[in-house]
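Take a look at the structure below.
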Amino acid sequence: MEVYRTPDERFRNLPGYGFEPNYAEVSAPSGRGERGLRLHYVDEGNRDAPPILMLHGEPTWSYLYRKLIPILVDAGYRAIAADHIGFGRSDKPIDRFAYSFQAHVDWVHEFVCSLDLQGVTLVGQDWGGPIGLAVLARETQRFDAVVAANTILHTAEPALAGRLKWANHGVGDGEVRLAEGLLDWMTFSQRSPVMEASGAVAGSTTNPLPAEVLAAYDAPFPEEDAKAGVRQFPILIPVTRNDPGAAINRATWASLAAFQGPFLTLFGDSDPATAGWEQIFQERVPGAKGQPHALLPGAGHFLQEDAGEELARRIVGWMDARTAA
């Protein structure tokens, strides 16, 4: 299997991102019998402190969490931010068929087990939610709590009708209803000759980002061979009840229905792609009852950019209050 590894010099002098790189080896895609892949992660703070595992989505990488990491560490927590395979400083298989929802879950599962993380608070945004929560479903005993931040758990079930800003649900037997914005994003990823991470980030924040920050989002992807994972994520979104990803998410929902750990939703109030999901999580997850859920004002899909410090402070306050109780 041919793998692209972004040159180290692409990551030098990125604004706000002076963290030391760490690497774990995870398996090549199932059944291929190939060598392992290198998964990159940031790991800051006391290794004996309670770990906060932050997972990004499309088309970002651990750079997304640069504003949160120092605040979490200063508060006495261990801050871990992983790059999914195909993103950031992690290895990038060139074959787009190497990427599947299941493969991403397997890779993060291996990563969590390789570090033997215990007492984890998961922070999942965008794809970081369904991937991280699927790992929680496998390794529930390793996770203490969850922060769901502008994320989704699509099953295309008819019961979602009228609940989501971006519709994605079944209609009767054999039909689905999809938001045009969702379908546009999926088709763009497959058809556009140019796909830059910076464009997606800039279009999904409420505040304009400096040119050097946008360039940092493009840093891992200097050429088309590096973008197979970026192009594949949108097309993996489950949009029918028969999609393999919908089956993964149904299994995750079943596990969450029994998860008693604290479950907090912190969403931006200006993100049509995930609007409505915060209510679904609050209704369906037992541990969400009585938590200080919030919609962060003026924050778009990438709320880590629009309200990163506020997001970090809310997480710290929530965790500190639980510890003191």
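The values are calculated or read from the model by the stated rules, or taken from the named source; none is laboratory data. Remember, it's a predicted structure, so these values are computed and weren't measured experimentally. A quick note on method: Cβ atoms are made from the backbone with ideal geometry, for glycine too, and the neighbour counts reach across all protein chains shown.
Determine if segment 163-172 includes at least one residue that is within 23 Å of ALA254 (Cβ to Cβ), in contact with a Pro (Cβ under 6 Å, 6 or more places away or on another chain), buried (at least 18 other Cβ atoms within 10 Å of the Cβ) and among the small types (Gly, Ala, Ser). There is at least one residue in segment 163-172 that is within 23 Å of ALA254 (Cβ to Cβ), in contact with a Pro (Cβ under 6 Å, 6 or more places away or on another chain), buried (at least 18 other Cβ atoms within 10 Å of the Cβ) and among the small types (Gly, Ala, Ser). When we screen ALA307, ALA312 for residues that are in a helix (DSSP H, G or I), free of Cβ contacts under 8 Å to residues at least 40 places away in the same chain and surrounded by 19 or more Cβ atoms within 10 Å (Cβ to Cβ), the only hit is ALA307.
Among the residues of segment 288-303, the ones that are in contact with a Phe, Trp or Tyr (Cβ under 8 Å, 6 or more places away or on another chain), of a type outside the set (A, V, I, L, M) and surrounded by 17 or more Cβ atoms within 10 Å (Cβ to Cβ) come to 1 in all. The conditions of being at pLDDT 95 or above and not in a helix (DSSP H, G or I) are not met by GLY31.
So if I check each of ALA258, ALA247, which one is surrounded by fewer than 17 Cβ atoms within 10 Å (Cβ to Cβ) and under 19 Å from the mean Cα position of the chain (by Cα)?
Values: ALA258 fails: under 19 Å from the mean Cα position of the chain (by Cα).
That would be ALA247, the only listed residue that is surrounded by fewer than 17 Cβ atoms within 10 Å (Cβ to Cβ) and under 19 Å from the mean Cα position of the chain (by Cα).
Among the conditions (1) under 23 Å from LYS227 (Cβ atoms); (2) surrounded by fewer than 17 Cβ atoms within 10 Å (Cβ to Cβ); (3) in contact (Cβ under 8 Å) with a residue 12 or more places away in the chain, the only one that ALA49 does not satisfy is (1).
Rundown of residues vs (1) closer than 26 Å to PHE97 by Cα; (2) touching a Leu at 6+ places or on another chain (Cβ under 9 Å); (3) surrounded by 15 or more Cβ atoms within 10 Å (Cβ to Cβ), yes/no style:
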| site | (1), (2), (3) |
| --- | --- |
| PRO15 | no, no, no |
| GLU25 | yes, yes, no |
| GLY76 | no, no, no |
| ALA79 | no, yes, yes |
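Being of a type in the set (D, E, K, R) and in contact with a Phe, Trp or Tyr (Cβ under 8 Å, 6 or more places away or on another chain), is that true of even one residue in segment 113-120? The answer is no; no qualifying residue exists. Scoring THR60 on the criteria (1) farther than 14 Å from ALA226 by Cα; (2) crowded, with 24+ Cβ neighbours inside 10 Å leaves a single failure, condition (1).
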